[in-house]
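Structure first, then comments.
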């Protein structure tokens, strides 16, 4: 459909089907009442739809959350963030957690676009897909460990360079405790080739990695939690 889809203040007493369409213009469902199950599956809204003060039925169906980007590609139009926020609230009323998380993600994406090129929302998306992915922060955590491994490798004395990877992984996954088992902490103290300046640099790097790793571990847990909530 090239034009608008205008059902403002409409009342749907029976099952409503808005499936497998492509709405190029605005879709207006503000103040509409859906008295029965409604399906929007397969429909693409090129502009974020209006559902202000709408009364959605509990059996309202959209695409699966992993297809939300295809169904709702608009994050740039004026008011897109607010329209997704409305849909998030409507889904929350019916405890539709998957759809609620999906519209929350779209809301944050639209807000990131409004805020500009670099902001915390955009970083949240890059690192964890707005809390919906556990694989993405895990990849970042492993990449981070690789970067710090190279840094440790060049900073550690020759007799301890083999411990660089172990040090990076132990900080990335602190619950493993491999350093204590293999005695690297004691080796670091006893090495005569390890200058005081290098020790301070390695210590500073380990603090930075600890902080960043804790953030990514939190995002991994958040992604797992949100995915389990969607089941």
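The numbers here are math on the coordinates, done by the rules we state, and not lab data. No experiment lies behind these values; they were computed from the predicted model shown. Ideal geometry is used to build each Cβ from the backbone, glycine not excepted, and the neighbour counts take in all protein chains shown.
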Each label sits 7 Å from Cα toward the beta-carbon; between residue 198 and residue 175 the label points are separated, in nm, by 3.4 nm
The distance between the Cα centres of segment 1-36 and segment 85-118, in whole Å, is 20 Å
Stretched fully, the stretch from residue 229 through residue 66 gains (0.36 nm per residue minus C-alpha distance, one decimal, in nm) 57.2 nm
Subtracting the Cα-Cα distance of residue 118 and residue 215 from 0.36 nm times their residue separation yields 33.1 nm
Dividing the mean separation of Cα pairs under 8 Å (6+ apart) by the residue count of the chain yields a relative contact order in percent of 13 percent
Distance in nm between residue 31 and residue 13 label points, each 7 Å along Cα→Cβ, equals 2.1 nm
Helix-only [θ] at 222 nm, the chain, -39500 (n - 2.57) per DSSP H run of 4+, per residue, nearest 500, equals -17000 deg cm²/dmol
Taking r as the C-beta separation of residue 139 and residue 93 and R0 as 35 Å, the FRET efficiency to the nearest 0.05 is 0.50
In degrees, nearest 10, the alpha-carbon axis of helix 97-115 is tilted away from the dominant principal axis of the alpha carbons of the chain by 80 degrees
In degrees rounded to 10, the 0-90 angle between helix 135-155 Cα long axis and the longest Cα principal axis of the chain is 20 degrees
Rounded to one decimal in nm, the spacing of the 7 Å Cα→Cβ label points at residue 55 and residue 126 is 4.6 nm
Extend 7 Å from the Cα of residue 77 along its Cα-to-C-beta direction; within segment 1-32, residues with backbone N under 12 Å of that point are 2-6, 23-29
For the chain, the longest principal axis of the Cα atoms and the Cα long axis of helix 196-229 enclose an angle in degrees, to the nearest 10, of 30 degrees
